[in-house]
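Participant: Have a look at this one.
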Amino acid sequence: MLTSRRTGFTLVEVMVVSGLMTMLAMLLAATWSVLGKPLIEASAQARVAHEANLAVAALARDFGGSLPGNAGRIGQVKHGKLVGRMQVANSVVRLCFDSLGTPNGIADWDDPDTVISYEVLDGNLMRWDEQAGTTFVVARHVTDLEAHEQGDGVRIRLTFAHRHVTRSYTLIGLDP
Amino acid sequence: MKKRAQPIRFRAGVSLIEVQVAFVLFGIALSGLLPVGVMYLKQVKKLEQRLSEDATYLLAPSKDPWARKLGAAASLVQTLPAGESAAAAAPTNDVFIMSVDIPYAGDTATVEVTVAPKNP
């Protein structure tokens, strides 16, 4: 008695499967190059743009020229007014706000004035309240902060990098 | 009564028509994803346009000291507005803010102040 056992694939079956796999691979490659790669790059661009906007918003608040106290924005114009600015090693921006209790109109760079510093640490733009000792991350993916004196203000160049996206933005913080 | 044993059928793979259907469904899913991706790319472009690498932006504080005191952030502009008036004239009164109520919604803020003549 003859028995028929199938132990493998025929050449035609293997060729059909190979053809289908090639087609699938081509389809996936085309989809990846058209949609996948730009989306991943756009994700990095969006991240950098978002972080840049956060950094600018924080700087705009402080360069607004007045700092609120714990009790809010009470007192006279001179209370908490921005009275001094300096750059340390062209990489740290320090802002001195006059005392909220006994303002003297002079940057003392110490108590009772409030000193706010911006600098880059471990890829983060940090805002440090030197008197209160509080520090928070303003923006991430920051690789560099350059600060140079420019007449009536300070020229700040912030560089952001995330994945393959690198962006540099230039701001001039004007004195009030 | 004896029950006849059913023949067992083994399915060793998928038919060509099944693979084709799967491909069509995959294509439909991809075509649904495409508009979402395009919309996302447009939004990112808009977000990037808010800050340009080529431009130099000014952080210009308000000329009005009271606006600064009440928390007006510096404006992000590329050029200073022309004809903006210089700082306000020297005040004749001492004004002291006692309390400020700036609601999150709406355009109205309430500020309680005391006013005293500067040189009585």
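Participant: Top mean-square fluctuation among A:ALA139, A:ALA44, A:ALA30, Gaussian network model of chain A, C-alpha springs under 10 Å?
Facilitator: A:ALA30
Participant: Moving on to the next point. Using only helices, what value at 222 nm comes out for chain A when you add -39,500 (n - 2.57) per DSSP H run of length 4 or more and divide by the total residues, to the nearest 500 deg cm²/dmol? Walk me through the intermediate numbers first.
Facilitator: On the way: 2 runs with 47 residues, N = 176.
It comes out at -9500 deg cm²/dmol, rounded to the nearest 500.
Participant: Right, next: Give the residues of region B:10-35 whose amide nitrogen is closer than 19 Å to a point set 7 Å from the Cα of A:VAL17 in the direction of its Cβ.
Facilitator: The answer is B:10-23, whose backbone nitrogens lie closer than 19 Å to the label point.
Participant: Still on this model: If R₀ is 51 angstrom, what is the calculated FRET efficiency for the pair A:THR159 and B:LEU25, using the beta carbon separation as r and rounding to 0.05?
Facilitator: It comes to 0.65.
Participant: Among the lysines in the protein assembly as shown, how many pairs, 8 or more places apart or on different chains, have alpha carbons under 24 Å apart?
Facilitator: Number of lysine pairs found: 11.
Participant: When all alpha-carbon pairs of region A:1-96 are counted, what percent fall beyond 16 Å?
Facilitator: Of all Cα-Cα pairs in region A:1-96, 78 percent lie more than 16 Å apart.
Participant: Determine the gain in length on full extension of the stretch A:LEU24-A:ASN53; use 0.36 nm per residue of separation and subtract their C-alpha separation, reporting nm with one decimal.
Facilitator: The A:LEU24-A:ASN53 span can extend by a further 6.3 nm.
Participant: Follow-up. Using alpha carbon coordinates only, what is the Rg to Rh ratio of region A:47-174, with Rh defined as the Kirkwood radius?
Facilitator: Here Rg/Rh amounts to 0.99.
Participant: Okay, moving on. Can you pull the mean other chain C-beta count within 10 Å for peptide A:65-77?
Facilitator: 6
Participant: Quick check: residue separation of A:PHE136 and A:ASP152 times 0.36 nm, minus the Cα distance between them. What number comes out in nm?
Facilitator: Between A:PHE136 and A:ASP152, full extension yields an extra 3.0 nm.
Participant: At R0 = 30 Å, how high is the FRET efficiency between A:SER91 and A:SER33 if r is their beta carbon distance? Nearest 0.05 is fine.
Facilitator: Result of the calculation: an efficiency of 0.15.
Participant: Please give the average number of partner chain Cβ atoms lying within 10 Å of the Cβ of each residue in B:41-49, rounded to a whole number.
Facilitator: What the average comes to for B:41-49 is 5.
Participant: Once Rh for region B:7-73 is found with the Kirkwood sum over Cα pairs, what is the Stokes-Einstein diffusion coefficient at 20 °C and 1.002 mPa s, in µm²/s?
Facilitator: Reported coefficient: 117 µm²/s.
Participant: In nm, give the distance between the simple-model label positions of A:SER43 and B:ILE17, each being 7 Å from the Cα along the Cα-to-Cβ direction.
Facilitator: 3.9
Participant: Would you work out the charge dipole size for region A:47-174 about its Cα centre, treating the Cβ of every Lys and Arg as +1 and the Cβ of every Asp and Glu as -1, and quote it to the nearest 20 debye?
Facilitator: In debye, rounded to 20, region A:47-174 gives about 600.
Participant: Sorted from largest to smallest, which semi-axis lengths in Å does the alpha carbon gyration tensor of the protein assembly as shown give for its equivalent ellipsoid, taking the root of 5 times each eigenvalue?
Facilitator: Details: eigenvalues 891, 93, 68 Å².
Equivalent ellipsoid of the protein assembly as shown: 67, 22, 18 Å, largest first.
Participant: What is the distance, in nm, between label points placed 7 Å from the Cα along the Cα-to-Cβ direction at A:GLN76 and at A:THR170?
Facilitator: About 4.0 nm, to one decimal.
Values in this text are rule-based calculations from the coordinates and carry no lab data. Just so it is clear, the structure is predicted and the values come from calculations on it, not from any experiment. Backbone-built Cβ (ideal geometry, glycine too); neighbour counts: all protein chains shown.
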